[in-house]
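We did not get these values from a lab; they are worked out from the coordinates using the rules stated. Just so it is clear, the structure is predicted and the values come from calculations on it, not from any experiment. Reconstructed Cβ throughout: ideal geometry from the backbone, glycine too, with neighbour counts over all protein chains shown.
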Amino acid sequence: MKKILLCLLILQASCSAKTQQQSFDITNYIAPKGWKKQTTESAMQFSKEDATTGGYCIITLLKAIPANAGAKENFDAAWETVVKEMVKVSAAPEMQPSATEDGWQIQSGYAPFDNEGEKGLALLVTSTGYDKMVNLLVLTNTDVYEKEMTAFIESISFKKQTQTNNNSSTDKNKTPVSAAKKDGFAFSTTNFDDGWNSTVQEDWVEVTNGNIKVLLHYPRDETIFPADPEPLTNAVWNILVAPRYSTLKNYKTAYISTYNRPYLGMGYLTDNSSRKEVFVVLFRQGDTGWLEVIAPDKNSFIQQFKFDPETIQWNSETDLLKHLLVMPGYNKFAIAASDFTGSWSSDFTGIQQLYNVYTGNYAGMNMNQSNETFQFGAGNTYNWKFLAVNGMAGNAKFAQVKSAGKFTVLNNWQIKFSDIEGRPQTYHAQFSCIKGARVLKLLNAQSPGSGIYTVFGKQ
């Protein structure tokens, strides 16, 4: 394994001329032949396994993320958030000599792991440069795949980067990101590929990009009630927005008359904490929840969201709001094995009252109810149960299926269960936040159907 570790330090740019070269994010590589490849929005993974011996090797390449610390500090942080969330390591990593290549500082180290008797070696390489950090994780329990793994590592190079000037006016205008709230889950920050960054806060998810900040407010009973647009928006503004600002100027409300009516409130205010004047837009449409956009001025808002909110009228085109409507999707956080404890369940109820189309007489009630539960235990074990009741009232049918096994977190956005209805199942997985809790969202990766995630709450 020592030979492998030395190869981790060789990230030669000369490989870029090879015709077989591919790229993932800012990393160039040559894919190992015959290995299984999986790609998500945040990582790419190659794996190979010998079913006879049980030997395996998993190589995970993560997308570049912002890096503000030194190379060793970045490695230490990645060891905590990448390695320790994937496997159980009891010893500190044995560090290898650092290296510098084309402006990238490379730190690498390894340690043995033992997951419920499954032993192997975890190797982490962290490359820091150009205000970015790239992590490569290798998990293996054999040296059988050493040659192929070495060839893959030697093929790696990085696309040419431009050093960011930390004293630039652009950086000075960036909205500072608030420290994430620690809520007992592994990941409280998400850095998206499009430049948006999300952090968990006490009363909202804070989403920032450049000089724009968006607060995705958690649901509150007193902010959802039947009312005309203006009194509803005024009431919610006074609850969610007004307490944190002063000297409100040019406040107005707006809406668009449509089946799924959007509500907007806006004005110029002074932020009580920074004492800076800002332009704030409060918005809700359908199930977006209330979101609050904070911009240094109206022009900054227009540049980001591509419309002038002060020109919205009852007959405006709803398509103007499309860039606001995607913001709730940033309430999204990665998973880790340590997050799966206790009981998580999802419930559904649907009732139809039936009437005869010719006579108008009541024809009975049809109901559909279901409950799906995961009970997670020690050692990555779980028990799964699905219960369904459907049919006409008084003659409903009942069905139930159960299974048990072990789960594996494949990467930050996927989890695999060893047995669901008699076969292994892999799910796309993510967390979203509400006040004081999180909800787990799962979507069958083999049969995604409509793409709608099933939502689970912790009991």
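Some points to look at:
- Residue (of Trp35, Gly109, Gly129) at the positive-pole extreme of the range 2-158, dipole from beta-carbon charges: Trp35
- Total charge dipole magnitude, the range 232-333, about the Cα centre, Cβ charges on Lys, Arg, Asp, Glu only, Debye to nearest 20: 180 debye
- Computing Rg and the Kirkwood Rh from the Cα coordinates of the chain gives a ratio, Rg/Rh, of 1.02.
- Dipole in debye (nearest 20) - the range 337-458, about Cα centre, beta carbon charges: Lys, Arg +1; Asp, Glu -1: 180 debye
- Gain upon complete extension [Ser178, Val326; 0.36 nm per residue less C-alpha separation]: 51.1 nm
- Rg and Dmax of the range 41-127, both derived from C-alpha coordinates alone, stand at 14.2, 45 Å.
- Sorting the segments 305-313, 427-435, 225-233 by their residues' average number of neighbouring beta-carbon atoms within 10 angstrom, most packed first, yields 427-435, 305-313, 225-233.
- If you wrap the Cα atoms of the range 337-458 in a convex hull and average its projected area over all directions, you get 9.9 nm².
- Furthest towards positive pole of dipole, Thr142, Gly70, Ala179, structure part the range 26-185, Cβ charges: Ala179
- For the chain, a crude dipole built from +1 on the beta carbon of Lys and Arg and -1 on the beta carbon of Asp and Glu, taken about the Cα centre, is about 260 debye to the nearest 20.
- Order of Trp290, Trp314, Trp384 under a 10 Å beta carbon neighbour criterion, fewest first: Trp314, Trp384, Trp290
- Projecting the Cα atoms of Ile212, Pro231, Phe348 onto the dipole axis of the chain, where Lys and Arg carry +1 and Asp and Glu carry -1 at the beta carbon, places Phe348 farthest toward the positive end.
- Judged by the mean number of other Cβ atoms found within 10 Å, the most tightly packed of the peptides 204-213, 122-131 leads the ranking 122-131, 204-213.
- The Cα center of the range 380-459 and the Cα center of the range 266-303 differ in position by 37 Å.
- Measuring against 26 Å, Cα to Cα, the residue pairs Lys37/Lys322; Lys36/Lys84; Lys48/Lys332; Lys397/Lys435; Lys36/Lys385 contain Lys37/Lys322; Lys48/Lys332; Lys397/Lys435; Lys36/Lys385 as the ones spanning a longer distance.
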